[in-house]
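The values are calculated or read from the model by the stated rules, or taken from the named source; none is laboratory data. All of these numbers come straight from a predicted model, not from anything done at the bench. As a convention, Cβ positions derive from the backbone with ideal geometry for all residues, glycine included, and neighbour counts pool all protein chains shown.
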Amino acid sequence: MDLFDYAQQRELKHEGPLAYRMRPQTIEEFVGQDHLVAPGRLLHSALKADNPFSAVFFGPPGTGKTSLAGIIARETNGVFIQIDATSTGVGELRKILQDARDRLKLYDQKTILFIDELHRFNKAQQDVLLPAVEQGTVILIGATTENPYFSINSPLLSRTRVLPFYPLKSEDLHKILDRALTDSEQGLGKLKLDVAPEARDHWVRVSGGDARILLNALEVAVQLTEPGPDGVIRIGLDEAAAAVQQAPVVYDHDGDQHYDVISAFIKSMRGSDPDAVLHWLARMLKAGEDPRFIARRIVIHAAEDVGLADPMALVVAEAAARAVEHVGMPEGRLILAEAALYVACAPKSNSVYKGIAKAMQDVEKGNIGVVPNHLRDSSYSGAKKLGHGKGYLYPHNFKGNYVQQQYLPDPLIGRKYYEPSESGREKQIKRWLEFLQSQNKKE
């Protein structure tokens, strides 16, 4: 950070947005992420010993990743360099690392390199970092909202510690709000403010654990609300709602929200609730989820939870997956909605899922037996001498194209894997199989 950057940050600290001004300056001021910064915890101990280590801060926006990096910069004896992965090329990165080597060699001074949105670095850029991190030339702190195990090279991950950041709890957000309202230096403490409890609760609820959204809402509400005759700015629920035009879609593409929302989507299809299906689908699409991922889940669900109760469900789902690839977004949302609704409204049966699971279980246990001779391949020379195919009955030579004979290995004779339900078309399948079994008894 040069002198211009330092002066600019000082100015922002007094004149910038409220969310920027309220960033904590010490580890004691930091709110949330107690698993990392509470006394005796990993980062708290490392800072107090002036012994920072390379780490990847992984979590949703507004949870303190950048703020904590700034605290590390202030509380450790080293030079702090902050860059953004979206605007830093390989050449600039090499220059930063060379300066860090010189600084360490000439002045025995460590460099803390903070890279925001680390996941946006490509493989070449991440590879440039490897030697510097491994040799201790820089202490790397990367911040990312994407799952680092998917977006960051394994060699770089192995040289850092992945530290998860979680959405802030309600009590944490209330603490941040109280501090912003009472701090007369950086916050709004000099203003005459009366913020109703229901207004605070509304902001905490819609912020989704994001302190930045919370503080932005407070600042906008103060700017939009005229003071009363007594000079007091009174913010009630209506003013609070007006400051937050839209509740954020809380969704991390590779974390808990990703898996929770797709789980809710699948369970809503399984539960035949088309309205819930459309809600969760819209939520994923609004958050920018890959439509191909959604299409794959619909295809899988069509086989797993609808199956032969309505074989067309799989046909529709697969057609939708191909159509989304062809059409793209935003029109692809109509295709996904049609497929998801078809599957949700179709009769349900998991007999296919249960049948293959039972069969796989027997195979994994080694309960398989040998292929009966009459089922073995008899097409090659010498097969008949081995008795392969002998006694096989060709079904089409018999009435109804069916004849009873053994198809399972000897140890599994009588084993039932597929048990059709009474749902949808499977009801017909069940009746047909029962008819065939009755024919066996007659014979």
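List of remarks:
- Every residue from segment 1-49 that is at pLDDT below 80 and among the small types (G, A, S): A7
- None of D210, D201, D194 is under 30 Å from P52 (Cβ atoms) and either surrounded by fewer than 19 Cβ atoms within 10 Å (Cβ to Cβ) or among the acidic types (D, E) (or both) except D210.
- When residues of segment 227-249 are limited to those that are at pLDDT below 90 and among the acidic types (D, E), the one nearest to L18 (Cα to Cα): E239
- Of all residues making up segment 102-114, the number that are more than 13 Å from V128 (Cβ to Cβ) and surrounded by 15 or more Cβ atoms within 10 Å (Cβ to Cβ): 6
- Lone qualifier among G332, G424, G355 - being surrounded by 16 or more Cβ atoms within 10 Å (Cβ to Cβ) and at positive phi: G424
- Flag for P148 being within 30 Å of E198 (Cα to Cα), modelled with pLDDT under 90 and buried (at least 19 other Cβ atoms within 10 Å of the Cβ): no
- Residue pairs meeting the criteria (Cβ under 7 Å; at least 6 apart or on separate chains; first part of a helix (DSSP H, G or I), in segment 142-155; second surrounded by 17 or more Cβ atoms within 10 Å (Cβ to Cβ) and of a type in the set (F, W, Y)): P148/F58
- Checked against (1) among the β-branched types (V, I, T); (2) farther than 18 Å from A19 by Cβ; (3) modelled with pLDDT under 90, V206 meets all criteria but (2).
- Candidates I235, I176, I152, filtered to the one that is assigned by TED's automatic domain parsing to the domain that holds E134, aliphatic (A, V, I, L, M) and at negative phi: I152
- Test: G400 is modelled with pLDDT of 85 or more and at positive phi: no
- Residue within segment 329-339 that is more than 16 Å from E426 (Cβ to Cβ), in a loop (DSSP other than H, G, I, E, B) and charged (D, E, K, R) present: yes
- Residue list for segment 97-114, restricted to those being in a helix (DSSP H, G or I) and either free of Cβ contacts under 8 Å to residues at least 40 places away in the same chain or more than 24 Å from E75 (Cα to Cα) (or both): Q98, D99, A100, R101, D102, R103, L104, K105, L106, Y107
- Of the residues making up segment 65-81, those that are touching a Leu at 6+ places or on another chain (Cβ under 8 Å) and either surrounded by 21 or more Cβ atoms within 10 Å (Cβ to Cβ) or outside any loop (DSSP other than H, G, I, E, B) (or both) are L68, I71, I72, E75, I81.
- Test: residue in segment 339-349 that is of a type in the set (S, T, N, Q), under 26 Å from L436 (Cβ atoms) and surrounded by 16 or more Cβ atoms within 10 Å (Cβ to Cβ): yes
- Check on G382, within 22 Å of L308 (Cβ to Cβ), exposed (fewer than 11 other Cβ atoms within 10 Å of the Cβ), small (G, A, S) and over 30 Å from the mean Cα position of the chain (by Cα): no
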